[in-house]
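Below: the structure, in structure tokens.
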Protein chains: 2
Amino acid sequence: MSGPEIERLIKLLARLPGLGPRSARRAALTLIKKRADLLAPLRSALTDVADTIRTCGVCGNFDTQDPCAICADPGRDASVLCVVQDVADLWAMERAGAFRGRYHVLGGVLSALDGVGPEDLCLEALVARASEAAVVEVILALGATVDGQTTAHYIANRLQAADVSISGLAHGVPMGGELDYLDEGTILAAMRARRPV
Amino acid sequence: MSGPEIERLIKLLARLPGLGPRSARRAALTLIKKRADLLAPLRSALTDVADTIRTCGVCGNFDTQDPCAICADPGRDASVLCVVQDVADLWAMERAGAFRGRYHVLGGVLSALDGVGPEDLCLEALVARASEAAVVEVILALGATVDGQTTAHYIANRLQAADVSISGLAHGVPMGGELDYLDEGTILAAMRARRPV
């Protein structure tokens with residue numbers, strides 16, 4: 001059937017999130033068919049990323065420079081730190097364009113189930129950064145999950161010594177969301193946080 | 001945000017079947033995080049495939065050798081040819097282990113909508129192979145779609161001059177399939193082709 005080279009490619013592709021064994025096989029076939037058009041560029045893109053992308057020593061973002069473009073940008077507000085779980089969340093915040101300060105990537109959230117403790121997260125560096133004189137606010141932009149909210153409370157406790165105000169993202173009805181399809185928890189949160197129109 | 005190197009990787013990953021822009025972003029992040037464990041092996045697997053995989057000049061399969069392992073295997077029945085649309089279908093047939101003859105990959109099916117005509121398929125080579133004295137049967141293992149069945153009829157006409165018997169895969173209830181979830185066409189086909197128990 002397909003040789004060991006193709007089988008190895010399929011196995012590796014299947015480890016990417018969003019691809020199962022069957023779609024990995026389809027992806028491998030597409031790569032073989034579009035050798036010049038897709039396989040070769042993908043290979044060189046992987047080489048580029050492997051050679052150039054570093055983890056920012058300040059915030060944990062991925063970039064070609066360290067400190068990353070956001071940490072190095074003098075136009076960004078150094079007085080506000082936005083704490084996110086993952087680089088994916090940092091990218092989502094940047095796409096939304098809702099924040100002009102700096103970030104701190106935790107690298108996860110506390111989780112008793114997955115065995116993630118405070119020592120597994122980038123917490124000491126966060127405490128040190130939040131204690132700097134320039135920082136006046138820390139925004140905890142963590143997911144509205146049990147683990148995310150547990151982590152937010154833990155961080156809020158840890159930052160009590162630092163002279164910063166701590167805030168979290170608002171909960172409520174997502175834009176374009178219909179009440180009919182929303183869970184009770186979200187409706188309850190939106191009701192409690194209702195605002196004058 | 002993410003630099004041009006990462007954006008380029010995301011764009012290329014999004015061209016794989018089964019990955020949209022959002023899952024391509026997640027896949028790129030996973031690759032960056034698991035640099036030694038996933039990115040480097042994937043890069044070398046892509047290099048291996050690009051360097052070693054050829055298209056079999058006889059049947060159209062992908063393999064490290066040309067003719068491919070199936071065409072070169074003297075243990076396989078040279079008297080039966082199984083015509084499939086794509087290499088993926090050839091692999092599926094091999095996984096099922098239902099066939100011990102040789103294959104012919106068409107490279108597509110006739111489609112007025114997609115502008116695929118007979119000249120776009122590997123048809124002349126099929127006619128030549130089917131006309132060889134050794135070949136006694138041609139199995140048209142094409143999809144049970146309008147295009148697949150149109151192509152099967154077209155091929156059957158083209159092969160009339162060759163002295164071969166032509167067959168197609170049986171239609172019916174798939175194994176594990178419940179009647180309740182089946183379309184009317186399949187039930188009708190299964191009813192018409194009913195067999196004594």
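Before moving on, here are some points about what is shown:
- Rounded to the nearest 20 debye, the dipole size of segment A:4-52 about its Cα centre is 320 debye, using +1 on the Cβ of Lys and Arg and -1 on the Cβ of Asp and Glu.
- Under-5 Å amide H pairs with residue A:104, H placed in peptide plane, nonlocal only: A:82, A:83, A:84
- Relative packing of peptides A:161-172, B:178-189, B:135-146 - highest average C-beta neighbours within 10 Å first: B:135-146, A:161-172, B:178-189
- FRET efficiency for the pair residue B:96 and residue A:175, taken as 1/(1 + (r/R0)^6) with r the Cβ-Cβ distance and R0 = 45 Å, rounds to 0.40.
- Under a model in which nothing but the beta-carbon of Lys, Arg (+1) and Asp, Glu (-1) is charged, chain A shows a dipole of about 820 debye around its Cα centre.
- Unit charges on C-beta of K, R, D, E only; dipole of the protein assembly as shown, Debye: 60 debye
- For segment B:27-70, the residue among B:56, B:70, B:36 whose Cα projects farthest onto the positive side of the dipole built from Cβ charges is B:36.
- Label point distance in nm, residue B:153-residue A:40, each placed 7 Å from Cα along Cα→Cβ: 4.2 nm
- When both segment A:118-163 and segment A:35-88 are represented by their alpha-carbon centers, they are found 22 Å apart.
- When the Cα positions of B:171, B:91, B:12 are compared along the charge dipole of chain B, B:12 comes out farthest toward the positive end, with charges on each C-beta of Lys, Arg, Asp and Glu.
- Taken one residue at a time, the phi angles of segment A:119-130 give Karplus couplings (6.51, -1.76, 1.60, θ = phi - 60°) of 5, 7, 9, 7, 9, 4, 5, 5, 4, 5, 5, 5 Hz. Gly and Pro are set to x.
- Length gained when the stretch residue B:116-residue B:131 is fully extended (0.36 nm per residue, less Cα-Cα span): 3.0 nm
- By the beta carbon rule, with partners counted only under 4.7 Å, chain A holds these lone Cys residues: A:59, A:71, A:82, A:122.
- When you restrict to C-alpha pairs under 8 Å that are six or more residues apart and normalise by the size of segment B:4-52, the relative contact order lands at 24 percent.
- Average projection area in nm² (convex hull over Cα atoms of chain A, one quarter of hull surface): 16.4 nm²
- Long-range HN-HN contacts of residue B:167 with modeled amide H, under 5 Å: B:138, B:139, B:140
- When segment B:62-168 is described by a simple charge dipole with +1 on each Lys and Arg Cβ and -1 on each Asp and Glu Cβ, the residue from B:123, B:135, B:103 located farthest towards its positive end is B:135.
- Spacing of the two label points (7 Å from each Cα toward its C-beta) at residue A:195 and residue A:69, in nm: 3.0 nm
A short reminder: the numbers here are calculations on the coordinates, not readings from a lab. It should be emphasised that the depicted structure is a prediction, and the values quoted were computed from it without experimental measurement. When we count neighbours, we look across all protein chains shown, and the Cβ atoms used for this are built from the backbone with ideal geometry, even at glycine.
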